[in-house]
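Read the structure below first, then the notes.
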Amino acid sequence: MSGIALTAEQRDLADAVTGLLGRHLPAGAVRAGLDGFAAGTLPAVWPRLAEQGLLSDLVPAWDPPGEGWVELAVVVEAAGRALLPGPFLPTVLTTAVLADAGHRPPADGPAACALGPGGLRASRTADGWRVDGSSEPVLALPGAAFALLCARAGDGTDVWFVARPGADAGLTVAAAEPVDLTRSLGRAVAEGLRVDAATGVRTARVRDLAAVLFAAESAGLALWCVDTALEYARVREQFGRPIGSFQAVKHRLARLWVRCGLIAATAWDAARAVADGPAQLGVAAAAAAVRGPADAREVALDCVTVLGGIGYTWEHDIHLYWRRAVALGQLLGTPAGWAAELAGRRRAAARTFDVELDEPELRRAAAEVVDRAAALPEPRRRRYLAEQGYVAPEYPPPYGIDAGPAQQLVIAQEFARAGIAAPDLRIGAFTLPTVLAFGTPGQRERFLPPALRGETVWCQLFSEPGAGSDLAALSTKAVRVPGGWRLTGQKVWTSRAHEADWGVCLARTDPDAPRHGGLSCFVVDLHTEGVEVRPLRQANGAYGFNEVFLTEVFVPDDCLIGEPGQGWVAARTTLANERVSIAGKVVDGWEALVARAGGRDDPATAVALGLLAADQHALHSLILRSVLLRLSGLRSGAESSVLKVAAAEHHRAVATAALDLLGPDGASASDASRDYLGVPARLIGGGTMEIQLNVIAERVLRLPREPRTEVTS
């Protein structure tokens with residue numbers, strides 16, 4: 001996974017910083033200098049960082065305000081991944097906070113930045129302020145050339161000021177033994193410290209900007225831990241094979257990888273939100289604070305256990321990463337506290353995830369078609385949109401307009417502007433691309449136009465009682481007869497079969513061929529004699545799935561898609577110009593959940609709502625990154641692989657929370673109880689969670705496959 005970097009330039013920047021640190025921070029250098037780093041000693045690479053402009057020069061110039069924060073986050077993430085010791089993170093944070101308030105830092109650093117007043121108190125004097133008391137622990141304060149500190153005045157306001165430890169009378173530093181052995185930690189102790197003028201820095205702003213950079217470093221820490229655990233799992237053998245081939249280890253690592261993707265996505269969005277104004281930053285920063293250090297801490301702990309005993313020894317570096325994540329989380333604040341804050345911020349202002357496209361010609365053309373459609377009643381509207389190629393614009397003419405990612409997005413935005421729903425092919429969105437890719441011209445002309453006009457409904461006849469996710473094990477057979485084929489077998493879990501006209505069906509045409517090689521793909525008319533559809537009632541009382549029995553069903557030759565034996569390839573094919581969408585992949589149930597909570601403002605409810613808001617925020621960030629990658633002509637493999645697992649688990653959490661909010665009333669039938677009882681459809685549909693985790697582990701993370709035993713009869 002690439003981490004926070006999204007554009008080619010950002011990836012080059014990450015590679016450059018990684019290369020610099022690799023050359024000037026050799027293996028063993030961090031461990032060798034632990035005692036010094038914990039006392040405030042600078043690492044030997046520090047002058048190189050200054051030469052390359054990675055200290056004060058790295059901070060954006062704020063013209064326009066907020067520009068350059070994603071690049072700053074990319075650098076901080078790379079530093080975290082390398083476990084750069086010393087005060088790099090607090091130095092760039094201090095410089096950034098001062099620049100944000102319109103001040104130049106007094107030096108290039110090293111610097112430290114408090115995140116709140118702690119026990120420091122400020123009282124007015126004739127020419128400024130007098131500060132007394134003790135701060136909370138401040139990262140890298142011992143050894144800092146200057147520090148941005150905060151004291152609380154008698155009226156409750158916070159006074160932020162720059163101080164110079166060791167130079168300012170009335171200020172001393174009480175060093176503490178740090179959990180993070182690579183950086184110093186200490187408290188500022190003031191006794192009659194004179195402060196001439198305050199900086200105008202605001203506490204909320206400091207905390208938000210700190211959340212951005214702490215989350216960025218957390219993303220780097222988590223990625224290193226997962227990469228290390230993956231490398232170990234590929235080579236460490238137990239019971240005669242690599243531990244990465246065991247499904248339990250696969251699933252753990254796949255989930256950790258998903259978690260890394262969510263940390264990076266929220267850190268990226270928080271960094272870009274700096275340019276979007278205080279309200280937008282407030283939501284994005286709080287979400288990053290919920291997901292960042294605490295998630296990195298748990299990722300590191302799980303990776304320690306994957307490594308086993310060696311991971312828990314002092315000699316392995318992973319505990320240094322774990323320790324840093326622990327320290328970051330404790331300094332930034334608990335996830336529960338940030339979650340409650342996020343719930344309040346989300347009620348006041350939702351984060352926007354719009355994509356702005358400067359495509360005036362595309363927009364004019366799309367607006368013209370959509371506005372004409374909006375003036376038509378159904379079903380004339382659907383027929384008109386099909387004629388214009390706007391039902392599936394990504395299809396080639398004459399069925400679509402061969403729309404690329406940008407044009408698809410513009411069309412979707414115009415539908416939203418006009419206030420009408422974009423046409424939905426439902427299951428046809430999965431089946432029709434197979435006909436388009438493998439069908440003959442006659443088949444395409446026969447099947448696609450009616451479906452696009454909404455005149456026919458499609459289903460997918462794949463799963464069987466003995467072959468759910470393992471489609472290669474299906475047993476429905478197709479026997480050659482004059483003029484076509486006779487299909488016999490049973491399909492199950494078939495969505496919309498009870499209202500479908502046609503179904504794309506996989507059947508075995510060659511029982512002697514290897515598992516995948518004997519399958520063929522057919523289009524079956526569900527009104528044909530021998531087809532019986534039996535709706536399956538789900539636990540929530542709804543009828544969403546069906547059993548389909550095929551008894552000697554005749555399918556003519558002109559309904560065979562592709563060649564005999566080509567069914568497996570056809571079934572797995574999707575068009576290269578797949579649909580680009582910013583919605584529909586994630587459950588947007590948070591607003592409904594808030595409505596169900598009513599006026600409840602108890603802390604437990606606020607925390608629960610905030611944690612779910614952070615999850616939803618991470619998913620939206622991930623979807624937006626995927627869309628932006630497509631728009632830039634790149635594939636979004638990492639982000640899209642995460643979405644299925646993360647979105648399904650989020651749906652489960654939202655449905656559970658909605659039920660919990662009802663209390664005893666949840667024992668009565670309600671929308672919330674029915675939603676909860678419908679959760680399995682999201683966890684199983686499209687491939688069970690376990691299968692999805694296997695796909696991530698084996699195809700994305702390149703973990704070894706489990707040995708397979710072929711069963712012959």
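The values are calculated or read from the model by the stated rules, or taken from the named source; none is laboratory data. Because the structure is a prediction, the values reported are computed rather than measured. Every residue, glycine as well, gets a Cβ built from its backbone with ideal geometry; the counts of neighbours run over all protein chains shown. To get the accessible areas, we keep the full protein, side chains included, count just its heavy atoms, and leave off ligands, DNA and RNA. Shrake-Rupley method; radii C 1.70, N 1.55, O 1.52, S 1.80 Å.
To test your reading of the geometry: what angle, between 0 and 90 degrees and rounded to tens, separates the Cα axis of helix 428-438 from the longest principal axis of the chain? That works out to roughly 70 degrees. To the nearest ten degrees, helix 603-631 and the longest principal axis of the Cα atoms of the chain are 70 degrees apart. Summary value for the chain: 11 percent relative contact order, contacts being C-alpha pairs under 8 angstrom separated by 6+ residues.
The shape of the range 379-494 comes out prolate: with a ≥ b ≥ c from the C-alpha gyration tensor, a/c is at least 1.5 and a/b beats b/c.
At 1.4 Å probe radius, can you tell me the per residue accessible area of the range 328-448 in Å²?
48 Å²
Taking the inverse of the mean 1/r over every pair of distinct Cα atoms in the range 117-261 gives a Kirkwood hydrodynamic radius of 18.4 Å.
Measure nothing but the geometry: give the 0 to 90° angle between the long axis through the Cα atoms of 335-348 and the longest principal axis through the Cα atoms of the chain, rounded to 10°. The angle comes out near 70 degrees. For the range 9-164, the square roots a ≥ b ≥ c of the C-alpha gyration tensor eigenvalues yield an a/c of 1.5 or more together with a/b not exceeding b/c, which makes the shape oblate.
Compute the length gained on full extension between ALA44 and ASP525: take 0.36 nm times their separation in residues and subtract their Cα-Cα distance, giving the result in nm to one decimal. Please report the intermediate quantities before stating the final value.
On the way: separation 481, 0.36 × 481 = 173.16 nm, distance 7.32 nm.
Length gained between ALA44 and ASP525: 165.8 nm.
Roughly speaking, to the nearest percent, how much of the chain's 1.4 Å accessible area is carbon and sulfur? Could the numbers behind the result be given before it?
Working: 16060 of 30600 Å².
It is 52 percent, rounded to a whole number.
Put simply, the range 425-580 fits an ellipsoid with semi-axes of 21, 20, 16 Å; these come from the alpha carbon gyration tensor as the roots of five times its eigenvalues, largest first. Normalised by 2.2 N^0.38 Å, with N the number of residues, the alpha-carbon radius of gyration of the range 413-461 equals 1.32.
Please state the charge dipole magnitude for the chain, taken about the Cα centre, from unit charges on C-beta atoms (+1 on K and R, -1 on D and E), reported in debye and rounded to the nearest 20. Could you put the intermediate results ahead of the total?
On the way: 70 positive and 80 negative charges, 145 e Å.
Dipole size: approximately 700 debye.
Hey, what number do you get for the chain at 222 nm if only DSSP H runs of n ≥ 4 count, each worth -39500 (n - 2.57), divided across all residues, to the nearest 500?
Details: 23 runs with 326 residues, N = 713.
The helix-only estimate for the chain comes to -15000 deg cm²/dmol at 222 nm.
By DSSP, the beta bridges lying fully in the chain are antiparallel in about 85 percent of cases.
Of the peptides 112-123, 362-373, the order by per-residue mean of other Cβ atoms within 10 Å, starting with the highest, comes out as 112-123, 362-373. So what does log10 I(q)/I(0) come out to for the range 335-411 at q = 0.12, 0.16, 0.19, 0.24 Å⁻¹, using the Debye formula with one equal point on every Cα and no solvent? Evaluating at q = 0.12, 0.16, 0.19, 0.24 Å⁻¹ gives log10 I(q)/I(0) of -0.52, -0.67, -0.80, -1.09.
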